[in-house]
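Notes follow once the structure below has been shown.
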Amino acid sequence: MDYILDEPKLTFDVTLPPNAVKHVHRWLKYLQGKDIKSNLFKEVSYVTDIWDFTGHYMYSALHPIFFSQRALYILVHNLSKPLDAAAEPCVRQGNAGVKLENSNGETNMENLLSWLATVHGVARATDDPDDDAQHKLPYLCPPVFIVGTHADKPVEDKAVIEKQILERISGMEYGEHVIRPFFYIDNTRRRNLIMKFIQNIRKLRGKHETADGIEKLRQKILEVLSQQPYMGKKILVRWFLFEKVIEALVAKQIYHRNLQQLEHYARKHCFMEDAKEFECMIYFYHDLGIIIKHCSTVVLKVQWLIDLFKQLITIPPFNRQ
């Protein structure tokens, strides 16, 4: 137990969140029977993290580490490239993209289907307690959106491309994750389209008058997100204390700990005595992508792990080798 005795002393940020006092007063009024029609329970907002995964096989072994059942997936393909053409993998070298050999001759369609199969593998490997709620949905969780870019210059009619994809996923279990309809983005219609999309997803509230592809996609994401079995689930307040523990450890540049060490912190700082509750909490934050649990090791800062993988995988420029 020396590794626990030698643990650093943690200090926690106890600053109140914004508007905390206002919300407490509104809650007290509600409990006293005043202001029953308050907007206290009407305001709904979503906080999301957006993760961008490259499609190259070099990274495919790492993807399942970061995949989660509590997520929505957007599978992007280029409409200007034929589905039956050989894929053109590339890797980033500094600020430039360098084409790599497609050693197995995988086509763009096969690449797309392999992503669906990978997402389906995550679903099958997860013991989801919300199975009853899942059966009420017209699709399998986690849901997958198929989005075609370069809609301004498709290699053939978009309806034909969609028909080809639907024929390939028809009857396949992984195809049941796909949300209908498909979506198409015209990259020329709006400047900084991707940044606009990210900003909208982070806000996830309000409506706009535009009806372009990116807005339709955003609205559908909101709709599907609200249907997820885990949305609206309550968690114990003391679990938020565990988030403070993670923040304090990361502030000391401690980016990973084993389960026994974290359970010690949970008992000491989070008033958590039940080992089963601790296990559920760890899996909850793992599914949210806040931490990554692998066997008995827990990574506390995901970006640290990503940077580590980048050092192992990234091809350095020739003059630096």
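The values are calculated or read from the model by the stated rules, or taken from the named source; none is laboratory data. In this text, all values refer to a predicted model and were calculated from it rather than measured experimentally. Counting neighbours? That spans all protein chains shown, and the Cβs are built from the backbone with ideal geometry, glycine included.
What is the residue count in segment 261-274 for residues that are within 27 Å of the chain's Cα centre (by Cα) and among the aliphatic types (A, V, I, L, M)?
Qualifying residue count, segment 261-274: 2.
Residues of segment 297-319 being at pLDDT 70 or above and polar (S, T, N, Q), which ones?
Those that are at pLDDT 70 or above and polar (S, T, N, Q): THR297, GLN303, GLN311.
Taking segment 265-297 on its own, how many of its residues are within 21 Å of SER60 (Cα to Cα) and either of a type in the set (Gly, Ala, Ser) or in contact with a Leu (Cβ under 7 Å, 6 or more places away or on another chain) (or both)?
3
Show the residue pairs that are 6+ apart or on different chains and have beta-carbon atoms under 8 Å apart, the first residue being within segment 244-257 and touching a residue at least 24 places away in the same chain (Cβ under 8 Å), the second being among the small types (Gly, Ala, Ser) and crowded, with 16+ Cβ neighbours inside 10 Å.
Within 8 Å, the pairs are VAL245/ALA266.
Hey, ALA266 hits all of (1) outside any helix (DSSP H, G or I); (2) surrounded by 17 or more Cβ atoms within 10 Å (Cβ to Cβ) but one; which does it fall short on?
So ALA266 meets the others, but not (1).
Checking ARG218 against (1) within 28 Å of LEU140 (Cβ to Cβ); (2) modelled with pLDDT of 85 or more; (3) among the basic types (Lys, Arg); (4) surrounded by fewer than 17 Cβ atoms within 10 Å (Cβ to Cβ): exactly one of these is not met. Which one?
(4)
Given (1) over 15 Å from LEU236 (Cα atoms); (2) out of contact with any His (no Cβ under 7 Å at 6 or more places or on another chain), identify the lone condition not met by VAL298.
Result: VAL298 passes all but (2).
Looking at VAL250 and the list (1) surrounded by fewer than 16 Cβ atoms within 10 Å (Cβ to Cβ); (2) within 18 Å of the chain's Cα centre (by Cα); (3) at pLDDT 90 or above, which single condition is not satisfied?
Every listed condition holds for VAL250 apart from (2).
Looking at segment 284-313, which of its residues are loosely packed, with under 14 Cβ neighbours inside 10 Å and not hydrophobic (A, V, I, L, M, F, W, C)?
HIS294, SER296, THR297, GLN303, ASP307, LYS310, GLN311
Is there a residue being modelled with pLDDT under 90, over 21 Å from the mean Cα position of the chain (by Cα) and not aromatic (Phe, Trp, Tyr) anywhere in segment 177-186?
The answer is yes; a qualifying residue exists.
Looking at segment 227-237, can you tell me whether even one residue there is at pLDDT 90 or above, surrounded by 12 or more Cβ atoms within 10 Å (Cβ to Cβ) and assigned to a helix (DSSP H, G or I)?
yes
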